[in-house]
Amino acid sequence: MRTLLIVNPNATSTTPATRDLLAHALESRTQLIVAHTQHRGHAAELAQWAATNEMDLIVVHGGDGTVNETINGFLPLPQVADGQAWIPRLGIIPGGSANVFARSLGITPDPVAATNQLIDLLSLDAGGISTGTDRRIGLAIADDRWFTFSAGVGLDADVCEAIDNSRANGHSATPARYLRTTVRQFFRSKRREPSLTLHIPDHEPVTDVHYAFVTNTSPWTYLDSRPVRTNPGTRFESGLGVFAMRTMRVLPTLWVARQLLSAEGNPKARRLFRTDDVPSVRITAAEPIGLQIDGDFIGRRSVVEFTAVPEVLDVVAPRPDSGRHN
């Protein structure tokens, strides 16, 4: 098995010791090449090289942003795919601050434990056949870019932009910083008029929306170890979840936030629109509004199309019925 290990050395929870352990473990079982990212977009370049050279497996040690870059580097979009491209399998060792995608797949958030989990799943029998079973999952597309777990317009995009700016100034992306930034951005945007309209197949347009999340799985994110569930019925094997708030009033928002953090995680409110399994959604804005994809601020858009693409990627991860590590 030919493997490329992509490491983001600047990710929040990567350490030299963990990187050495992971490389040693993979090197003893595969033909390994190790590459460290050096700039934004480098993971995509490395992944494209791996696919061009028909590597069997790409393992990413980094956060959600590095994983997203990697997938967008080797997985063709449906509109350009001809069925001839070589598609490697994907393995993940969490190295970021939230690691939502990996944890949603049942990969333990501790990098050392995740390394052992990956090696177990890659174990070979006496005939050289993998004894682990890959999981084939669906992804989603927004703005002609793959996303793995979440995209959104409005509030969460504003938060991601602020966090990106904070990182650029040398501040780490801790859960506490995310929480403070979310509260601050909420009150900054509270007085804005709702400008979004949602267009969903076989559904009347949803108007007067302040901000919206589109998810490919559940949970939407984590607050430390606590899952935050916007659309609990959404899975990698289903359509998209849509969560759209039509109010910025404090009390209704706190009511919904309390439900998001509850163990049941099934938010409902009069000014909340939510549906858990749709093939696509088109969001239009009266004026350009922020877009985030898998936690990275992408820019401002007036129109964004979100589309579910089923069974498109093989990941080295536990099957849904083999236990989760949320």
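The values are calculated or read from the model by the stated rules, or taken from the named source; none is laboratory data. If you're wondering where the values come from, they're calculated on a predicted model, not measured in any experiment. Don't worry about glycine lacking a Cβ; one is built from the backbone with ideal geometry, like all the others, and counts go over all protein chains shown. Note: areas computed on protein heavy atoms with side chains; ligands, DNA, RNA excluded. Shrake-Rupley method; radii C 1.70, N 1.55, O 1.52, S 1.80 Å.
Among the residues of segment 216-233, the ones that are within 13 Å of Gly152 (Cβ to Cβ), open to solvent by less than 10 Å² (accessible area, probe 1.4 Å) and out of contact with any Leu (no Cβ under 7 Å at 6 or more places or on another chain) come to 1 in all.
Considering each of Phe186, Phe236 in turn, give the residue that is open to solvent by 10 Å² or more (accessible area, probe 1.4 Å), among the aromatic types (Phe, Trp, Tyr) and either at pLDDT 95 or above or over 14 Å from the mean Cα position of the chain (by Cα) (or both). Show your work before the answer.
On the way: Phe236 fails: open to solvent by 10 Å² or more (accessible area, probe 1.4 Å).
Matching residue, one of Phe186, Phe236: Phe186.
Identify, from the list Leu260, Leu291, the residue that is under 22 Å from the mean Cα position of the chain (by Cα) and more than 18 Å from Asp144 (Cβ to Cβ).
Details: Leu291 fails: more than 18 Å from Asp144 (Cβ to Cβ).
Of Leu260, Leu291, the one residue that is under 22 Å from the mean Cα position of the chain (by Cα) and more than 18 Å from Asp144 (Cβ to Cβ) is Leu260.
Considering segment 1-107, the qualifying helices (runs of 4 or more DSSP H), each wholly inside and each with 3 or more residues that are open to solvent by less than 10 Å² (accessible area, probe 1.4 Å) and of a type in the set (Gly, Ala, Ser), run over 42-52.
Within segment 212-232, being in contact with a strand residue (DSSP E or B) (Cβ under 6 Å, 6 or more places away or on another chain) and not in a loop (DSSP other than H, G, I, E, B) holds for Ala212, Phe213, Val214, Thr215, Thr221, Val228.
Looking only at segment 242-251, which residues are closer than 16 Å to Gly154 by Cβ and of a type outside the set (Phe, Trp, Tyr)? Quick ask: steps written out before the conclusion?
Residues of segment 242-251 closer than 16 Å to Gly154 by Cβ: 242-249.
Within segment 242-251, Val242, Ala244, Met245, Arg246, Thr247, Met248, Arg249 meet the criteria.
Kindly provide the set of residues from segment 265-278 that are surrounded by fewer than 16 Cβ atoms within 10 Å (Cβ to Cβ) and either farther than 13 Å from Ala244 by Cα or among the aromatic types (Phe, Trp, Tyr) (or both), ordered by number. Lay out the reasoning, then the answer.
Looking only at segment 265-278, we keep the residues that are surrounded by fewer than 16 Cβ atoms within 10 Å (Cβ to Cβ), and these are 266, 268-270, 277.
Those that are surrounded by fewer than 16 Cβ atoms within 10 Å (Cβ to Cβ) and either farther than 13 Å from Ala244 by Cα or among the aromatic types (Phe, Trp, Tyr) (or both): Asn266, Asp277.
Can you confirm whether Arg235 is part of a loop (DSSP other than H, G, I, E, B) and basic (Lys, Arg)? Spelling it out, Arg235 is indeed part of a loop (DSSP other than H, G, I, E, B) and basic (Lys, Arg).
The numbered conditions (1) within 30 Å of Ala114 (Cα to Cα); (2) buried (at least 18 other Cβ atoms within 10 Å of the Cβ); (3) small (Gly, Ala, Ser) are all true for Ser262 except (2). Out of the residues in segment 283-297 meeting the condition of being assigned to a strand (DSSP E or B) and in contact with an Asp or Glu (Cβ under 6 Å, 6 or more places away or on another chain), tell me which one is most open to solvent (accessible area, probe 1.4 Å). The extreme case among them is Phe297.
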